Amino acid sequence: MTGNELRERFLKFFASKGHTIVPSSPLIPANDPTLLFTNAGMVQFKDVFLGLDRRSYRRATTAQKCVRAGGKHNDLDTVGRTARHHTFFEMLGNFSFGDYFKREAIAYAWEFLTGVLELPVERLWVTVYEDDDEAFQLWQQVAGVPAERIVRMGEKDNFWAMGDTGPCGPCSEIIYDRGAEHACQANPCALGACDCDRWLEIWNLVFMQYERDSDGKLTPLPRPSIDTGMGLERVASVLQDVDSNYDTDLIQPLIKKIESFCSYKYDRGEAGYPFRVIADHARACTFLIADGVLPGNEGRNYVLRRILRRAVRFGKALGIERPFLFRMVDAVVDTMGTAYPEIKEQQEYIARVIRQEEERFHETLHEGLKVLNGILEQAKSEGRDSISGQEAFTLYDTYGFPLDLTEEIAGEQGFKVDREAFETAMEAQRERARAAREDVKAYQFALSFASALQDIGGSDFSGYEQLRDRGKVLALVQEGERVPLLAVGDEGYVILDRTPCYPEGGGQVGDRGWLTWTGGQAEVKDTRRLPDGHIIHRVAINSGSLKVDQEVEVAVDGERRRATARNHTATHLLHRTLQEVLGEHVKQSGSLVTPERLRFDFNHFAPLSEAELQAVEDKVNQQVLAALPVSTQITSFNAAKQMGAMALFGEKYGEQVRVVKIGNYSLELCGGTHLDNTSEIGLVRLVSESGIGSGLRRLEAVSETAAFDLVKQEHQELVAVASLLKVPPFKAAQRVQSLMEKNKEAEREISRLRNRLAAYTANELLEQVRQVAGIKILPVRVNISDTEALRQMADNLRDKLGSGVVVLGSENDGHVNFVATVSKDLVKRGVHAGKLLREVARLAAGGGGGRADMAQAGGKDPAKLDQALAYSLKVVAEQIQ
């Protein structure tokens, strides 16, 4: 049975048992900043298990793409060394949300394994949690597994928890006995007594039946649930009777592809290690990029960069010197494109991203190696046997040089790397990033309401049709606790059964407005939606007291809503226009829509040229002038996709979605508020374009009044400049160009005069030459602030000396600059400009270094300048000795 057939049979089996087949969620978890990647089938249902989300079904089955690299679940370093570990893999699963429990879960698993897959019953063993007598009995009653093939194990192996608190429960693993020929040397080689290749875990059934509180107390859940996970690659290896996941039809085509790039053939032993790593990493890179992750220096972007560059390094181990990994995308798509059409749809784009990163890595290796060699040379001169954690972190942070590569190269020269200090610096950077991440704050905010609103009904949003409505107060919340009323001066959160206030979402800010009731009024300062559907209003009570069950009138700030809608509709036009101008690979990676402006983040390989920016702005405004109608409709997610509507990665869509159509120009899934016609936008002006990460660009724009104000401001500025230049506005650029050319000529003349002055000054300075151990040394203060001119003078003086050492120092704005240069004959005798200057600059509270023949340094204490120059005589004498 092929891997593709296995996946299909699993889903069809559980569909026949009343389960809804739910598509794999993206590898970037939606609304869960606690995870870098989707690493298990249950991740997309996490909010359901936590009670934050409700689905229309109570039974589900999935084939989920997963990545385990980075964070708590990290298999990166074991990939290729074992037969089972991967960064990318597929997890098959079936789930019950308070529907069936242990008996049915055990029955379904046994029927699928022995009935559908026809695995030999005598090869199947089971583990249960040591205190789970119920599961122990059910395996015998339902599946007929003999008691001697059911092994009780402890909490470490057979008790699953979502976190330190929350849903948890015992689990039961199904183990396949691969036979005595795979046994280890342990005596005995028995399940539970050893962890060898004979005992292959193929399916884990989690019985989620408890809630664990902060004190560790377990309380039975009112509606126990089921979460199971089966590794597709593992079961395929059993069905195809091969020793390793890498020998299955899911991965072998990739290994064959690698063979075509090099002169080696795949070996299933240690020599095949690079092949396995590259094959695995090619799958991970393809799927991560398809799901919107791009190589970068932080978070999941860095993990992708590390995986990709690791594959390239193992390619070098096979003698592959040119970019090759991007060619692996074809093999991944051929193998998995039918099951996951998103990789087929983006095949060309994925290959392009990988190739660009491969080429960048080759450049990084070149630049980073130069810096690393300088660090190693300095460490040798200082008698150190290790590279500091900060030096390693600088290589990583500034040059993108991986830590493992730094360790490898340093190790080849006998140096260690302070990994602990590196990790400290890394963690400090991560902490800064975590503290700034709004998604983490939003997630924690939502969790703070979960228990307070468990028994409260949902909120209906009526704001698409109207800006005023009446609603009933369902709950009032302060500091995470329900309260009976909010009095004058209080701030808190109001949950209504019905509201026209749009809750923040899809990049659009939440509405503001007012609540009024008999005898009172409150200002709505913000509106948000929780994952469970509740809409919460942050309010400040201006008068009266607001109580639970009170009827209120809700009014949205209409002008603010209309301004926001203008920018949101403009955002959709901008998205489609960027695809037309730059290519269909452009996908939204983030947005912010406020009344004042819009911000749009998207993937693209290079900064936009002036011509491209102008083309984008012109095309957007053409659609504004075309007065295109804007319409919306509610339909199923699948129907919307068939219509060609754009869905955004990382967004969480329900079974019913809202489609926003702008003429025949744009079609997107969107829950935001929009105009009725593009002509209401008035005008769109691009304000800025910038890079926000590798392969990510950001555009900011304004519309209507703000856009007209910007045009007026730009015109006034142009008129002011033209007035200063004494030319008409339309000739200002020409006049500036003329002045710039004259300025360049003046700078060239200044440079010529400076060189003549330096040559004249040099003859005077040579009179101050000193002799130390038969070596001519010129340590002298000069009045030159420009660093390049200082270097030129030092070179000139050295050439005039013929053989000697020149040390120049100058003061500039309270700082000191030093330059040292040594003739080549003295370099051979042990005089080193870099070492010399480090000692000299240290006296002036500075530091620096450089090559043996030329070095530069700075200092912070001008009062010590002359003393430092004089000290150079002693340093040269010591170097000669």
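Is it true that Glu523 is among the acidic types (Asp, Glu), assigned to a strand (DSSP E or B), touching a residue at least 60 places away in the same chain (Cβ under 8 Å) and within 18 Å of Leu485 (Cα to Cα)?
Taking the combined requirement at face value, the residue does not satisfy it.
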Q.
Under 6 Å between Cβ atoms, which residue pairs at least 6 apart in sequence (or on different chains) link something in the range 113-129 that is within 17 Å of Gly229 (Cβ to Cβ) with a partner that is outside any strand (DSSP E or B) and of a type in the set (Phe, Trp, Tyr)?
A. Val126/Trp139; Val128/Phe136
Q: Tell me which residues, restricted to the range 134-148, are open to solvent by less than 90 Å² (accessible area, probe 1.4 Å) and either part of a helix (DSSP H, G or I) or of a type in the set (Lys, Arg) (or both).
A: Ala135, Phe136, Gln137, Leu138, Trp139, Gln140, Val142, Ala143, Ala147
Q | Output for the range 602-618, where each listed residue is of a type in the set (A, V, I, L, M), without any contact (Cβ under 8 Å) to a residue 12 or more places away in the chain and assigned to a helix (DSSP H, G or I) | A | Ala611
Q | Residue within the range 644-652 that is surrounded by 14 or more Cβ atoms within 10 Å (Cβ to Cβ), of a type in the set (D, E, K, R) and either touching a Lys or Arg at 6+ places or on another chain (Cβ under 6 Å) or closer than 17 Å to Val684 by Cα (or both) present | A | no
(Q) Looking at (1) without any contact (Cβ under 8 Å) to a residue 40 or more places away in the chain; (2) loosely packed, with under 15 Cβ neighbours inside 10 Å; (3) not aliphatic (A, V, I, L, M), which one does Phe159 not meet, given that it meets all the others? (A) (2)
**Q.** Residue check for Cys196: under 22 Å from Ala236 (Cβ atoms), outside any strand (DSSP E or B) and open to solvent by less than 50 Å² (accessible area, probe 1.4 Å)
**A.** yes
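In the range 631-685, what residues are of a type in the set (Ser, Thr, Tyr) and either in a helix (DSSP H, G or I) or free of Cβ contacts under 8 Å to residues at least 60 places away in the same chain (or both)? It would help to see each step written out before you state the result.
Looking only at the range 631-685, we keep the residues that are of a type in the set (Ser, Thr, Tyr), and these are 631-632, 635-636, 653, 665-666, 673, 678-679.
If the condition is that a residue be of a type in the set (Ser, Thr, Tyr) and either in a helix (DSSP H, G or I) or free of Cβ contacts under 8 Å to residues at least 60 places away in the same chain (or both), then Ser631, Thr635, Ser636, Tyr653, Thr678, Ser679 are the ones that fit.
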**Q.** Selection count, the range 805-823, where residues are surrounded by fewer than 24 Cβ atoms within 10 Å (Cβ to Cβ) and either modelled with pLDDT of 90 or more or in a loop (DSSP other than H, G, I, E, B) (or both)
**A.** 3
Q: Scan the range 219-246 residue by residue and report those that are closer than 18 Å to Tyr129 by Cβ and at pLDDT below 90.
A: Thr219, Pro220, Leu221
Q.
Given the condition open to solvent by less than 20 Å² (accessible area, probe 1.4 Å), within 18 Å of Val43 (Cα to Cα) and acidic (Asp, Glu), answer yes or no: does some residue in the range 221-237 qualify?
A. yes
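Of all residues in the range 619-630, which are assigned to a helix (DSSP H, G or I) and buried (at least 16 other Cβ atoms within 10 Å of the Cβ)?
Selection gives Lys619, Val620, Asn621, Gln623, Val624.
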Q. Considering Asp460, Asp418, Asp469, Asp397, which residue is acidic (Asp, Glu) and at pLDDT below 85?
A. Asp397
Q) Can you name the residue in the range 545-587 that is farther than 17 Å from Gly644 by Cβ and of a type in the set (Val, Ile, Thr) and, of all such residues, is surrounded by the most Cβ atoms within 10 Å (Cβ to Cβ)? A) Thr569
Q | Complete set of residues in the range 313-356 that are among the basic types (Lys, Arg), in a helix (DSSP H, G or I) and more than 20 Å from Ser694 (Cβ to Cβ) | A | Lys316, Arg327, Lys344
Q. Within the range 407-430, which residues are more than 15 Å from Leu395 (Cβ to Cβ), part of a helix (DSSP H, G or I) and of a type outside the set (D, E, K, R)?
A. Thr424, Ala428
(Q) Cβ-Cβ distance below 8 Å, separation of 6 or more or different chains: which pairs start in the range 576-598 with a residue that is within 21 Å of Ile343 (Cα to Cα) and end on one that is at pLDDT below 90 and open to solvent by 50 Å² or more (accessible area, probe 1.4 Å)? (A) Lys587/Phe649; Ser589/Phe649
Q) Pairs under 6 Å by beta carbon, first residue more than 17 Å from Ser462 (Cβ to Cβ) in the range 555-568, partner open to solvent by 10 Å² or more (accessible area, probe 1.4 Å) and in a helix (DSSP H, G or I), six or more apart or different chains? A) Arg566/Glu704
Q) Out of the residues in the range 474-505 that are among the small types (Gly, Ala, Ser) and surrounded by 18 or more Cβ atoms within 10 Å (Cβ to Cβ), which is farthest from Gly544 (Cα to Cα)? A) Ala475
Q) Which condition number in (1) in a helix (DSSP H, G or I); (2) open to solvent by less than 10 Å² (accessible area, probe 1.4 Å); (3) of a type in the set (A, V, I, L, M); (4) within 25 Å of Ala30 (Cβ to Cβ) is the one that Ile536 fails? A) (1)
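The values are calculated or read from the model by the stated rules, or taken from the named source; none is laboratory data. Since the structure is predicted, the reported quantities are computational estimates derived from the model, not experimental observations. Cβ atoms come from the backbone with ideal geometry, glycine included; neighbour counts cover every protein chain shown. Only protein heavy atoms, including side chains, enter the accessible area calculation; ligands, DNA and RNA are left aside. Shrake-Rupley method; radii C 1.70, N 1.55, O 1.52, S 1.80 Å.
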